[in-house]
Amino acid sequence: MPAALIDGKAFAAKLREQVGAAAAGFAAAAGRRPGLAVVLVGEDAASQVYVGAKHRATIAAGMESFEHRLPAATGEGELLALIAQLNADERVDGILVQLPLPAGLDEQAVIAAISPDKDVDGFHVINAGRLAVGQDGFVPCTPLGCMMLLQDRLGDLAGLEAVVVGRSNIVGKPMAQLLLAANATVTIAHSRTRDLPEVVRRADIVVAAVGRPEMIRGDWIKPGATVIDVGINRLPPAAGADKGRLVGDVEIAGAMTVAGAITPVPGGVGPMTIAVLLRNTLIAAHRNAGLPAPASL
Ligand code: GUN
């Protein structure tokens, strides 16, 4: 039997609807809407698309969107001053600085300037630390979205073998922390891992976040495993086409014949990221207003 497809698009739509309903409840209780500020520096084409999508989704969820588009030549002092202004603005519950930043701007310094209580991306070291020690904080949107899909599919993850391929601060490391907190047995594999196929073959759960098209082959997957593919890679265009196909980090045709369930690309993990960003912003709004956060989210 081919693997079940995990419908991240439908799950994300449901989550956005729940967040929208809770945002209306927040507005009634607090007398203002939850607010998200997004800062984009420079002209990166993919970032412009993401920022536009975040803006529309924020409005659609009944939240206030504050968009700041700055020229690529913006100095670090100017960017830090904007962040300080957003930290102090009571209408702003969440702040997201779109990455990557243009060369010359220090990403770590910029992230460090965001108030940890408005850091809805979960990138600040305080939030990374909170996640590592099991305190409440903000968790990066993509791995949290992956976790929601896994728990929806598998329920309790205790004792399962999970292999995370990729060790970025944005996906791999927080993903491993979340799986560990859910009592999975976690391995983080990466470019220096010896015999990666054998390591992946142990996994009941595979999370692929390496950014290399179809690197994880179908015959590496353990029969029945649940596969979460975080990769979105565009292949070179075929002859005569102007755009190449989008593929994940997993060779899906092969994996489909052995896995129990798998996220498609597109339509799997991708749609979850913005839905979780809205969820994190809603939670931030409740905390900032001293209201109890809705338990179901
Ligand atoms: N660039 C790519 N993904 C993300 C994300 O989740 N947050 C931010 N801030 N920048 C990104």
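Reducing the range 196-223 and the range 62-86 to their Cα centroids gives an inter-centroid distance of 39 Å. Here the chain carries DSSP beta bridges of which approximately 5% are antiparallel, counting only pairs with both residues inside. Here the Debye sum runs over all C-alpha atoms of the chain as equal scatterers in vacuum, and log10 of I(q)/I(0) at q = 0.08, 0.16 Å⁻¹ comes out as -0.35, -1.33. Each of VAL92, VAL139, ALA53 was placed along the dipole of the range 52-163 (beta-carbon charges, centred on the mean Cα), and the one lying farthest toward the positive end is ALA53. Going from the fewest other Cβ atoms within 10 Å to the most, the residues CYS141, CYS146 appear in the order CYS141, CYS146. Each Lys and Arg Cβ is given +1 and each Asp and Glu Cβ -1; about its Cα centre, the range 233-297 then shows a dipole of about 200 debye. The GluC sites (Glu not before Pro) of the range 1-105 that DSSP puts in a loop, and whose beta carbon has at most 12 other beta carbons within 10 Å, are GLU43, GLU90. In the chain, Cα pairs under 8 Å separated by at least six residues give a relative contact order of 22 percent. I want the antiparallel fraction of DSSP beta bridges within the range 174-297, as a percent rounded to 5. Approximately 20 percent, going by the DSSP bridge assignments. For the chain, lysine pairs with C-alpha atoms less than 30 angstrom apart, excluding pairs fewer than eight positions apart on the same chain, total 13.
If you look at the Cα atoms of the range 227-296, you get an Rg and a Dmax of 18.1, 58 Å.
Is the shape of the range 1-55 best called rounded, prolate or oblate, per the rule: a/c under 1.5 gives rounded, else a/b larger than b/c gives prolate, else oblate, with a ≥ b ≥ c the square roots of the Cα gyration tensor eigenvalues? The shape class here is oblate. Each of HIS286, ALA22, LEU5 was placed along the dipole of the chain (beta-carbon charges, centred on the mean Cα), and the one lying farthest toward the positive end is LEU5. Think of each Lys and Arg Cβ as +1 and each Asp and Glu Cβ as -1; about the Cα centre, that makes the dipole of the range 123-216 roughly 340 debye. When the chain is treated as a Gaussian network with alpha carbon springs shorter than 10 Å, the biggest mean-square fluctuation among LEU149, LEU79, LEU36 belongs to LEU79. The charge dipole of the range 178-254, taken about its Cα centre with unit charges on the Cβ atoms of Lys, Arg (+1), Asp and Glu (-1) only, comes to about 140 debye. With distances taken between every two different alpha-carbon atoms, the range 146-230 has a Kirkwood hydrodynamic radius of 12.6 Å.
Which of MET256, LEU157, VAL210 sits closest to the plus end of the dipole of the chain, meaning its Cα is farthest towards the positive end, when Lys and Arg get +1 and Asp and Glu get -1 on the C-beta? Result: MET256, furthest along the dipole toward the positive end.
Readers should treat all values here as calculations from the given coordinates under stated rules, not as data from a laboratory. Remember, predicted model here, so these are calculated numbers, not experimental data. Cβ: placed from backbone, ideal geometry, glycine included. Neighbour counts: every protein chain shown.
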